[in-house]
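Asker: Pasting a structure below so you can have a look.
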There are 2 protein chains.
Amino acid sequence: METHVFLQVLLIILLTARIFAELATRLKSPSVIGELVAGVVLGPSLLGWIEPFEAIKLLAEIGIVLLLFKVGLETDLVQLAQTGWKSIIVAIGGVLLPLVLGALLSFKVFGLSLLVSLFIGGTLTATSIGITVRVLTDLKVQHRPEGQIVLGAAVLDDIFGVVLLALLYEFAIGGGVSLINSGKVLLFIGVFFVLAPVAAKIISVVFQRLARTTEVPGLIPTMMVSLVLFFSWLAKMIGAPEMLGGFAAGLALSRRFFIPLGVALHADPRFARRIEVQMRPIVNLFTPIFFVMVGLSLNLREIDWSSFHIWGLSLALFVAAGVGKFAGALVIRESWSSRFVIGVAMIPRGEVGLIFAELGRESRVLDNETYAALIIVIVLTTLLPPLVMKWFYNSRFGERLTFEHQVQEEKP
Amino acid sequence: METHVFLQVLLIILLTARIFAELATRLKSPSVIGELVAGVVLGPSLLGWIEPFEAIKLLAEIGIVLLLFKVGLETDLVQLAQTGWKSIIVAIGGVLLPLVLGALLSFKVFGLSLLVSLFIGGTLTATSIGITVRVLTDLKVQHRPEGQIVLGAAVLDDIFGVVLLALLYEFAIGGGVSLINSGKVLLFIGVFFVLAPVAAKIISVVFQRLARTTEVPGLIPTMMVSLVLFFSWLAKMIGAPEMLGGFAAGLALSRRFFIPLGVALHADPRFARRIEVQMRPIVNLFTPIFFVMVGLSLNLREIDWSSFHIWGLSLALFVAAGVGKFAGALVIRESWSSRFVIGVAMIPRGEVGLIFAELGRESRVLDNETYAALIIVIVLTTLLPPLVMKWFYNSRFGERLTFEHQVQEEKP
């Protein structure tokens, strides 16, 4: 591969991703949808300009690992403790039901294999924190009780989702579902998640000492990326996907996690802030490459659009994805309108769902049509809830809720 | 190539580069030397752990393009105007003499071909602004007249050097020296360097408008990298190496260039500052990969160390590199001590020299031994001047110069 061809492809990917992401947000949709569409347009589905070749795939891989690092960084464990049981109930319902419903439908109704069915179920579990936060913020309800419950549940769903991903990945590599293997992986993940943050913390304190004396520029970017890569290597060693390591490294360095533990380890909040500021441009540079790659991997031309399989599966999974997330919200004690809001806000799947689907395709668990059906479901779950929420708040409960909100804020 | 192997190699490169760079600065040497040594240690010369495979080479390529973007960003044209003729004389002497001396020695004494000889001469031309600034700053003379002259000359040398690089690259691709081709390339470069900054400026103003309204994170990193890649593509189109485009993009966005022109185009100094802040982590992440690659490309085992060729050539080129830079300084009207300081401060070659040498090796103009000899010369020119300067200031003129300096500062 010639250097200039590579640089050219990279240019086209970055630029197209940006253009479609801008268009998406102007149409009030999440930018990740725009990046996905950019991939579909550039790829074999439409223009056929770019094939996903190795170097770009590897950059996309760095993109996912860094994205999960960012998801980990944004995971707010304090948040979870504050909203407590309600979040936990919503989260457990929101993971178990889509997983079980999605897998059962695929296995029984559509006659897919157990591994494929479990992968499909897994893809439906994780709520996208990023998109949910955006929806809640747009509606200015992120500080209301239902907003807090949703955020707590989304954090927990991400953790469940990533662990589930590790398990299913092990099955995919092994070629089948095995209880002994999953026990082993779970044990490893447990140990990993207990030790990794402590290790990351100690390493980051060492970095901090170094940061005071070094004369070589770029300590934070090179060392943080090294830390993320090191954890990815560790994750791979225990049989989990690399991105789990990115998530663990991010979790360990997240401010809410970092600062309390940081006090004991003489860590500096300003250092945590510097990490955030310097890592953000790098994460933002690499992540669009991943989502464009997902679009490139999707060949819409190869799909038999007249078959029942793809439409039936998409519809069934969309219902499973929606109902599954709703059920947890219906169980908790809140007003009906709050339950409705919580249920809808939990639906967007976004990036974590896409990562699941792409991993399934890469490891050849998912065939082209199942992959396409999943992408359709993820796109629908990402696009529809913001619209439903806006309609709900503006037209029906808008004024009453705003009023309640103001009354609440006036309390001491 | 497996993803986890790639991530692992990247981890080893980043970590080793950092360790050796830290060691180098603690031994009072430039960090780039440490990164080069890291490559030698990891590569076939010593441990043989890493072979320079494609994906890493492409990352290194992004590294050089971004590095030249940074060199362009740091190029201070106002500086040049202030120091005026003295800088220009030092610069012209410092480009022409090493080029001619280096090429003549290689051609006549060592019997190398014309193209190889010109490439060697070219490698000896560019003074490393980064290392020179560091040396001047360490000695606290960067604001003294001789410091200013050196900086102005180094800026000009970089521009000459990069243009020369483009010419020699064209010869290397064409397989020989051609006057018509070089005229064409020079014309293109002229047009390119006049139009590129204007184009970059207009584009950056558009970005700035976009920055005010966008909701998609990462505008600056994705668009700036796109801009750099776009200019690299343009450079390639006119038959120059990609990195020339990086340099032109950096020059166009450099603050001293950006702000005056920015006033006319309603550009915001804070925006220029944001570009710098957000691009720095990305540049710092990628550049070590390039210097490690240079070390990896060097197989010290394959070289016949007992031959006269390598030692004789290294020594002769080192003398040419030193004498050539000195001569310009001797012509200008300054005190002898200032002339000496200017001459020595112009000697470090560092990154631009390494870029030249690596391009020569890649395009197969330079064989293994000549490449090794050039690396030795570059390392020597980079390591020795800081030591000589320190000895000169501290032991001989130290107190008097410090005194003069204080007197100067006390003037209104």
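Asker: Go ahead and run the numbers for FRET between A:Leu114 and B:Met237, Cβ-Cβ distance against an R0 of 60 Å, rounding to 0.05. Could the numbers behind the result be given before it?
Answerer: Values: r = 54 Å, r/R0 = 0.90.
For A:Leu114 and B:Met237, the calculated efficiency is 0.65.
Asker: Which shape class applies to the range A:3-410: rounded if a/c is under 1.5, otherwise prolate when a/b exceeds b/c and oblate if not, where a ≥ b ≥ c are the square roots of the Cα gyration tensor eigenvalues? Show your work: numbers first, answer last.
Answerer: Numbers: a/c = 1.33, a/b = 1.06, b/c = 1.25.
It comes out rounded by the Cα gyration axes.
Asker: Find the relative contact order for the range A:203-360 and round it to a whole percent, using C-alpha pairs within less than 8 Å whose residues are 6+ positions apart. Could you put the intermediate results ahead of the total?
Answerer: Values: 86 pairs, mean separation 21.4, N = 158.
About 14 percent, as a whole number.
Asker: Another question, then. Relative contact order for the range A:1-153 using alpha-carbon pairs under 8 Å, separation at least 6, rounded to a whole percent? Please list the in-between numbers first.
Answerer: Values: 116 pairs, mean separation 27.8, N = 153.
So the answer I get is 18 percent.
Asker: If you don't mind, there's one more thing I want to ask. List every DSSP H helix in chain B whose Cα atoms extend 24 Å or more along the helix's own long axis and whose mean Kyte-Doolittle hydropathy is at least 0.5. The partial results should precede the final answer.
Answerer: Working: long enough: B:3-26 (35 Å, 1.43); B:54-74 (30 Å, 1.52); B:77-104 (34 Å, 1.64); B:145-174 (44 Å, 1.46); B:179-213 (50 Å, 1.49); B:219-237 (26 Å, 1.71); B:269-297 (41 Å, 0.67); B:308-331 (34 Å, 1.64); B:368-391 (35 Å, 1.34).
Correct list, ordered by number: B:3-26, B:54-74, B:77-104, B:145-174, B:179-213, B:219-237, B:269-297, B:308-331, B:368-391.
Asker: Using a 10 Å cut-off on Cβ to Cβ distances, tally the other chain neighbours for every residue of A:61-74 and report the average as a whole number. Each step should come with its number before you reach the end.
Answerer: Working: counts 4, 5, 0, 1, 2, 0, 0, 0, 0, 1, 0, 0, 0, 0.
Going residue by residue through A:61-74 and averaging, the value is 1.
Asker: Next up: Taking a label point 7 Å out from Cα toward Cβ, give me the nm distances from A:Gly190 to the same spot in the other copies, shortest first, one decimal.
Answerer: 7.6
Asker: By count of other Cβ within 10 Å, fewest leading, how are A:His143, A:His309 ordered? Could you put the intermediate results ahead of the total?
Answerer: Values: A:His143 12, A:His309 15.
With the fewest neighbours first, A:His143, A:His309 line up as A:His143, A:His309.
Asker: Sticking with this structure for a sec: Cβ neighbours within 10 Å, averaged per peptide: list B:342-350, B:163-171 in order, most packed at the top.
Answerer: Working: B:342-350: 27.3, B:163-171: 22.4.
Top to bottom by mean Cβ count within 10 Å: B:342-350, B:163-171.
Asker: Rounded if a/c is under 1.5, else prolate if a/b is larger than b/c, else oblate: which is the range B:269-344, with a ≥ b ≥ c the root eigenvalues of its Cα gyration tensor? Each step should come with its number before you reach the end.
Answerer: Working: a/c = 5.21, a/b = 1.14, b/c = 4.56.
It comes out oblate by the Cα gyration axes.
Asker: So for chain B, averaging the separation of alpha carbon pairs under 8 Å that are six or more residues apart and normalising by length, what relative contact order in percent results?
Answerer: On the way: 623 pairs, mean separation 114.4, N = 412.
Computed over chain B, the figure is 28 percent.
Asker: Could you sort the peptides B:100-106, A:247-253, A:47-53 by per-residue average Cβ neighbour count (10 Å cutoff), highest mean leading?
Answerer: Numbers: B:100-106: 20.4, A:247-253: 28.7, A:47-53: 14.1.
The densest-packed peptide leads the list: A:247-253, B:100-106, A:47-53.
Asker: Which of A:Phe188, A:Phe171, A:Gly218 sits closest to the plus end of the dipole of the range A:111-253, meaning its Cα is farthest towards the positive end, when Lys and Arg get +1 and Asp and Glu get -1 on the C-beta?
Answerer: Toward the positive end, the furthest listed residue is A:Gly218.
Asker: Could you work out the mean count of beta carbons from other protein chains within 10 Å of each residue's beta carbon in A:207-217? Please list the in-between numbers first.
Answerer: Details: counts 0, 0, 0, 2, 0, 0, 3, 6, 10, 16, 9.
That average works out to 4.
Asker: So for each of A:83-95, B:22-34 I average, over its residues, the number of other beta carbons within 10 Å; can you give me the resulting order with the highest mean first? Working shown, then result.
Answerer: Values: A:83-95: 22.2, B:22-34: 19.6.
So the order, starting with the most tightly packed, is A:83-95, B:22-34.
Asker: Here's another thing I want to ask about it. If you put a point 7 Å past Cα along the Cβ direction, how far is that point for A:Leu27 from the same point in each other copy, in nm, smallest first?
Answerer: From this label point to the equivalent ones elsewhere in the assembly: 5.9 nm.
Asker: Which pairs break 31 Å Cα to Cα here: A:Lys184/B:Lys57; B:Lys108/B:Lys236; B:Lys70/B:Lys390; A:Lys70/A:Lys325; A:Lys70/B:Lys57? Provide the component values of the computation, followed by the final result.
Answerer: Values: A:Lys184/B:Lys57 38 Å; B:Lys108/B:Lys236 33 Å; B:Lys70/B:Lys390 27 Å; A:Lys70/A:Lys325 24 Å; A:Lys70/B:Lys57 27 Å.
Beyond 31 Å: A:Lys184/B:Lys57; B:Lys108/B:Lys236.
Asker: Classify the protein assembly as shown: rounded, prolate or oblate, from the alpha-carbon gyration tensor (a ≥ b ≥ c, eigenvalue square roots; a/c under 1.5 rounded; otherwise prolate if a/b is larger than b/c)? Write out the running numbers ahead of the final one.
Answerer: Values: a/c = 2.12, a/b = 1.90, b/c = 1.12.
In terms of gyration-tensor shape, prolate.
Asker: Work out the mean other chain Cβ neighbour count within 10 Å for the residues of B:230-238 and drop it here as an integer. Numbers along the way, then the final one.
Answerer: Details: counts 5, 1, 6, 5, 0, 1, 6, 1, 0.
For peptide B:230-238, the averaged partner shielding equals 3.
Asker: If each label sits 7 angstrom from Cα along the C-beta direction, how far apart, in nm, is A:Thr137 from its counterparts in the other copies?
Answerer: Nearest to farthest, the other copies are at 3.5 nm.
Any read-out appearing in this document is the output of simple, stated calculations on the displayed coordinates, not a laboratory observation. The shown structure was predicted, so the numbers you read here are calculated from the model rather than taken from an experiment. We place every Cβ from the backbone using ideal geometry, glycine too, and count neighbours over all the protein chains shown.
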